[in-house]
Amino acid sequence: MAAKRKSVVAVAGAEDADVLKAVGEAYREGIVDALFVGDGEKITRLLGELELHAQRFQIESANEPNESAATAVRACAEGRAHILMKGKLPTPVLLKAVLAPTSGLRLGQTLSHCAVLDVPGYERLLTITDGGVLVAPNFEQKLAIIQNVVWVCHILGIDEPRIALLGVMDEVNPDYPATVEAAAVAREVRIRGIARFIEGPLTFGSAVRGLPTESSRQSDVAGKADVLVSNNIEEGNIAAKALINLRGATFMGVIAGAKVPLSLVSRSDPPRNKLASLALASLFARDAP
């Protein structure tokens, strides 16, 4: 699907062998062209070591991380690139450049991270949000997170995603405030028409395996969730990493809510996951919300 789009990815801080290798593989697969921003001499040398021809790519020199981030963001704002990717620079530096008032990438929406997972044994793609941007989202931010993930699901061809708001139990209990908020968020999402199938709270097990046999509750989401919405960044991050490390899930990560998708890959991610993340971002590149 991504190869039909052939988007251009702007890599901020591209003097990183792992990132160059991932982009090079995506280039060979026909998924992306690339603009590399950073230490031009080092980028050229690394490309040579990876047996990638530097003349096939655009390279723009930048002296330090802030300049690198600003240059890559500007390329996306001007339409010369369609995906923004983090290389060898801190994530906060890149997000600061994106969120700057003059960046040209702000849409007035909340940014949030979507981890799309292909989990062995689970019959559908499973998206976990937000395990990468918002530390402790409030009520309105959770609504924005859900709006972003619904858009991601639509791009993936999931017209009516089934969304579970995670909790420590399947029922509302005042002793656990997160369960009360989950129910309130689900109700508000339905009222605003953001999503049709959304329930909360649901435990992780109920969301992906179904409600316990002794439960009398009926559910359109339990056992077939497309999306899990976490209560905080730690919960979302740990859930995704557990599936990656213990179940061998293929990970595709994208930050939604800006004019272009943001692709953030970890140095520890295997090549398949890095390639998949770029492919995912390429799908969204010309359809930003």
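The values are calculated or read from the model by the stated rules, or taken from the named source; none is laboratory data. In this text, all values refer to a predicted model and were calculated from it rather than measured experimentally. Positions of Cβ are generated from backbone atoms using ideal geometry, with glycine treated the same way; all protein chains shown enter the neighbour counts.
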**Prompt:** When you go through VAL185, VAL189, VAL227, VAL265 one by one, which is the residue that is touching a Ser or Thr at 6+ places or on another chain (Cβ under 7 Å) and under 21 Å from PHE139 (Cβ atoms)?
**Reply:** VAL227
**Request:** Pairs only if they're at least six apart or on different chains, beta carbon under 6 angstrom, first in the range 177-195 and of a type in the set (S, T, N, Q), second exposed (fewer than 15 other Cβ atoms within 10 Å of the Cβ) and part of a loop (DSSP other than H, G, I, E, B); list them, first residue then second.
**Result:** THR179/ASN173
**Request:** Select from the range 42-81 the residues that are of a type in the set (Gly, Ala, Ser) and part of a helix (DSSP H, G or I) and write down the one among them that is surrounded by the most Cβ atoms within 10 Å (Cβ to Cβ).
**Result:** ALA72
**Message:** Kindly evaluate VAL189 against the criterion of being assigned by TED's automatic domain parsing to the domain that holds GLU214 and in a helix (DSSP H, G or I).
**Reply:** yes
**Prompt:** On the given criteria, is VAL32 crowded, with 19+ Cβ neighbours inside 10 Å and under 18 Å from the mean Cα position of the chain (by Cα)?
**Reply:** yes
**Prompt:** Listed residues GLY48, GLY13, GLY40; which is on the phi > 0 side of the Ramachandran plot and not hydroxyl-bearing (Ser, Thr, Tyr)?
**Reply:** GLY13
**Asked** Residue check, THR102 against (1) over 14 Å from VAL229 (Cα atoms); (2) within 18 Å of the chain's Cα centre (by Cα); (3) part of a loop (DSSP other than H, G, I, E, B), all met but one. Which one?
**Response** (2)
**Complete:** Per the filter on the range 204-234, residues assigned to a helix (DSSP H, G or I), under 20 Å from TYR122 (Cβ atoms) and not hydrophobic (A, V, I, L, M, F, W, C) are GLY205, SER206, ARG209
**Message:** Against the condition assigned to a loop (DSSP other than H, G, I, E, B) and modelled with pLDDT of 95 or more, how does PRO201 come out, does it pass?
**Reply:** no
**Asked** Within the bounds of the range 133-145, is there any residue that is modelled with pLDDT under 95 and surrounded by 15 or more Cβ atoms within 10 Å (Cβ to Cβ)?
**Response** yes
**Message:** I'd like to verify a number: residues in the range 235-250 that are in a helix (DSSP H, G or I), surrounded by fewer than 17 Cβ atoms within 10 Å (Cβ to Cβ) and either among the hydrophobic types (A, V, I, L, M, F, W, C) or touching a residue at least 24 places away in the same chain (Cβ under 8 Å) (or both), how many?
**Reply:** 4
**Prompt:** (1) in the same structural domain as HIS154 (by TED's automatic domain parsing); (2) in contact with a helix residue (DSSP H, G or I) (Cβ under 8 Å, 6 or more places away or on another chain); (3) surrounded by fewer than 17 Cβ atoms within 10 Å (Cβ to Cβ); (4) not small (Gly, Ala, Ser): which one isn't true of PRO271, the others all being true?
**Reply:** (1)
**Item:** Search result, residues across the range 251-276 that are within 13 Å of the chain's Cα centre (by Cα) and part of a helix (DSSP H, G or I)
**Value:** ASN273, LYS274, ALA276
**Message:** Tell me whether the range 164-183 contains one or more residues that are within 17 Å of GLY131 (Cα to Cα), touching a helix residue (DSSP H, G or I) at 6+ places or on another chain (Cβ under 7 Å) and not aliphatic (A, V, I, L, M).
**Reply:** yes
**Asked** Quick check: is even one residue across the range 223-231 over 30 Å from GLY24 (Cβ atoms), surrounded by fewer than 19 Cβ atoms within 10 Å (Cβ to Cβ) and touching a residue at least 40 places away in the same chain (Cβ under 8 Å)?
**Response** yes
**Selected residue [within 18 Å of the chain's Cα centre (by Cα), closer than 23 Å to GLY131 by Cα and not in a helix (DSSP H, G or I)] from LEU94, LEU107** = LEU107
**Prompt:** Has the range 92-112 got any residue that is in contact with a Gly (Cβ under 8 Å, 6 or more places away or on another chain) and under 20 Å from ALA207 (Cβ atoms)?
**Reply:** yes
**Asked** Can you spot a residue in the range 111-120 that is more than 22 Å from ALA242 (Cα to Cα) and either free of Cβ contacts under 8 Å to residues at least 40 places away in the same chain or of a type in the set (A, V, I, L, M, F, W, C) (or both)?
**Response** yes
